[in-house]
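The values are calculated or read from the model by the stated rules, or taken from the named source; none is laboratory data. A quick note: this is a predicted structure, and the numbers were derived from the prediction, not measured. Note that we place each Cβ from the backbone using ideal geometry, even for glycine, and neighbour counts take in every protein chain shown. When the accessible area is computed, the model is the full protein with side chains, heavy atoms only, and any ligands, DNA or RNA have been set aside. Shrake-Rupley method; radii C 1.70, N 1.55, O 1.52, S 1.80 Å.
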Amino acid sequence: MRILLLTALSAHLASSVLVVGTFFMLLLAGPSRAPTARRWEGAMVVWGRLLLLVALGSGIVWLLVRTALFEGRAQAALEPRAVLHAVLDTWPGLIWLARHGILVILAAFLAIRSDLTERRDWIAARVEALALGALALALMSASSHAAAISPGTALTVAIDACHLLGTGVWLGGLVALGALLRAASRDADADDRAHAVITARRFSRVALVAMLALMGSGVLNALAQVENIAALVGTPHGRLLLAKVAVLVPILGLAAVNRRRLLPALPGPEAMRRLVAFVGVEAMLALVLLVLAAAMTLTTPARHAEPVWPLPVRLSLDTPLDGSATRWRALLASQLAVLGAVALIASFFSLRRRAPLLAGALALAAVAAAVGLPPFVVDAYPTTYRRPLRTYHATSIASGSAIYWGQCAACHHGTPADLRSASTSRRHAGELFWLVSHGRPERGMPAFENRLEEAQRWDVINFIRALGTAAGSKSLGAQVQLDGAWLIAPDFTISVGPLAPGALRDYRGRRMVLLVLYTLPGSRARISELARKYNLLSTLGVEIIAVPMQTSADAIRELGASPPVLFPVVTDGNAAIIATYGMFASGPHAELLIDRQGYVRAIWRDDTGEIQVQVERLNEEKSVPPFPDDHVH
Amino acid sequence: MRVWQVAVVLNLTFAVGLGLGYAGWGRRADALDREFEAARAQVERLERERQACAAGGRAGEQQWDGRGVVRAIYPHLVVVTHEEIRGLLPARTTGFPAASPQLGDSVRVGDPVRFSLRGTLIDDAALVTIERW
């Protein structure tokens, strides 16, 4: 079924693309009276009709197979109701309908036998065909992966449409040009050849522009769909993209030879024949590209797939540059790289020594990489770039904490294998996941794959992260350090009595939060003071959230009626909050100031300072850090 | 007919078809959306007025129901941390004027409560009933 879908889609894509290029070429070549050119034009129109039939036929097959896959049964492909449902009630179905409607109109338009001797008629006929074909092709982007990206849907769709049209002009034009050159090289007089040569030169210029547009829009597309290296090499979608690039390289090589060597040698018969052959090879490779592109539209976009890292190593830029040997290496490598860059630039300007200079530059770059990169190479595992199953949330950290103290602390707390070490903090979450799941039996670390559920393993990883940052949080005190946002405040649920719960992250971008962890009766005086200041702090953009250290259903009542305490008091799930934030600030009473972006910026342990000053400092802070990710890295 | 004329007619048909399609369905769909929203707001409002009327309210008054936790009680004001009150307020802590001074007697600070408000607007909505939930 999948194979059939891929075949139909590839055929449809190829024929739609070729139609656009064919009519584009006809327009580019212009009307001609030369007999070979006339014959070529006639052949191209027939070819265009044929392509349209293929496009319509494969389009219908594609729709039927899609319906069957959509309904989950093969017979559905032949049930009118199911097909109608797939066409009329889904967005891709509607786009399909619009595109095929346009293709039918185009087919009807081409079917009219018409007299094109007048220039105006000729132009109208060709432009109309090109416009309809291009519209049908460009509409494809409206139901592609690009249309699923938001925000910025319009932009990504426009880029995708640009990519499709670029392909149409370039590849379809290439095939048509090949046919023209072939005809001209076989049986043409001088006039005909001149026409073919002029057309080839024109196309060469257009193709350069189309290729640049293709590569530009392709890169933008890839950035939107693939997002990072791990997704590029670790997902089927990303690997198909790599395959596309691999096929593109010889195409560019051929195109360069055509442009530099063969075009200037035209209309020599030898050059003409060579050009025909090369254009043919280029077009074949381009069709492979199209099949790969069709396959890409059928795979999950890389940004939604779980990447599986294929290599045992990766580069890590946050490796510390300690040790003089490492520093020397880095210095040497950077100097070599600069030399290589100089050689590369020189190779562009020197015409005679280009090849040796280029080779030298490459060699220098290789040596620089060999010298400089090894310190940055670290171990990697298939799950290194896996996205955590659980968000960085107090409940996850709290259950991770229970697992850690029960199963890991004996070997890991205050021992040489302490998980608070910098080297462990530098690891990706996915890497920790691999180490916890599979262990390192030969070095004494057991595998927990069968002892802990996947979610539990992610919980314990969230906890390890929190534990690592807790060690650093000692440096955070009562003074807000400007531009020093680094301690991510784990999210938590705020539930007041039986009301619908909220979350810390609801305040992101809107208000600061003063998190007050309190114990009665010791904290009573401070709570009363905060209650009196609530109005002022609220005006300054602060919400106060109070969390009792001891769970109590009557927490609100215990705070007393006067002065009235009007800020949220968490009555449910406070144990998780205390377990998490207690790592940053223990004690019977503690306060943490969380900025609008979601970072802890000041911590008061036992002492209760003047928070209004710190709030004003935060209000005056100019640079705003990005919102922290919901998952650990 | 000449080919260029065919092409022009074809394109005109496209343009006109697109325009008519939008004028006919697109704008109608937009208008229907707006009408639907207005009708729903009206129905919700009428429902609140009916409730107010049934409970002895004056003409033009509406009634809103909400759930919350009592945070402070004064003779003429009850402060409640409440969930969203549809058609009136988002979830937050609000002080509502009490319709009668005894209203707050039946509840204590920290109680989860159901309550109803009556009035024509948020400015004059007053607490008419409040009871433990």
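Assorted remarks:
- Scanning the range A:128-150 for residues that are open to solvent by 20 Å² or more (accessible area, probe 1.4 Å), away from chain B (no Cβ under 14 Å) and closer than 22 Å to B:V8 by Cα yields one hit, A:A138.
- Within the range B:88-128, the set of residues being in contact (Cβ under 8 Å) with a residue 40 or more places away in the chain and away from chain A (no Cβ under 14 Å) comprises B:S116, B:L117, B:R118, B:G119, B:T120, B:A125, B:L127, B:V128.
- Residue ranges of helices (runs of 4 or more DSSP H) in the range A:208-326 with at least 3 members in contact with a Gly (Cβ under 8 Å, 6 or more places away or on another chain): A:269-298
- Qualifying position, being more than 30 Å from A:Y581 (Cβ to Cβ) and at pLDDT 85 or above, among A:Y385, A:Y381, A:Y404: A:Y381
- Flag for A:G598 being closer than 24 Å to A:G509 by Cβ, buried (at least 19 other Cβ atoms within 10 Å of the Cβ) and away from chain B (no Cβ under 14 Å): yes
- Test: A:W122 is away from every other protein chain (no Cβ under 14 Å), surrounded by 16 or more Cβ atoms within 10 Å (Cβ to Cβ) and part of a helix (DSSP H, G or I): no
- Listed here are the strands (runs of 3 or more DSSP E) enclosed by the range B:30-133 that have at least 2 residues being more than 29 Å from A:D572 (Cα to Cα): B:62-73, B:112-119, B:126-132.
- Of all the residues in the range A:544-566, those that are open to solvent by 20 Å² or more (accessible area, probe 1.4 Å) and either under 21 Å from B:R92 (Cα atoms) or within 14 Å of another protein chain (Cβ to nearest Cβ) (or both) number 11.
- Residue that is more than 14 Å from chain A (Cβ to nearest Cβ) and touching a residue at least 60 places away in the same chain (Cβ under 8 Å), where the choices are B:A23, B:A55, B:A31: B:A55
- Pair list, Cβ < 7 Å and 6+ apart or interchain, from the range A:156-182 residues that are outside the structural domain of A:R205 (by TED's automatic domain parsing) to residues that are of a type in the set (S, T, Y) and assigned to a helix (DSSP H, G or I): none
- Residue list for the range B:96-133, filter: within 12 Å of B:Y74 (Cα to Cα) and under 20 Å from the mean Cα position of the chain (by Cα): B:F96
- Exactly one residue out of A:A500, A:A478, A:A525 is more than 14 Å from chain B (Cβ to nearest Cβ) and either under 18 Å from A:A553 (Cα atoms) or assigned to a loop (DSSP other than H, G, I, E, B) (or both), and it is A:A478.
- Criterion applied to A:L94, A:L51, A:L78 was being within 21 Å of A:L4 (Cβ to Cβ) and surrounded by fewer than 18 Cβ atoms within 10 Å (Cβ to Cβ), and the one residue passing it is A:L78.
- Among residues of the range A:102-116 being open to solvent by 70 Å² or more (accessible area, probe 1.4 Å) and within 10 Å of chain B (Cβ to nearest Cβ), the one that is modelled with the highest pLDDT is A:I112.
- Number of residues in the range A:482-497 that are part of a loop (DSSP other than H, G, I, E, B) and within 21 Å of A:S396 (Cβ to Cβ): the value is 4.
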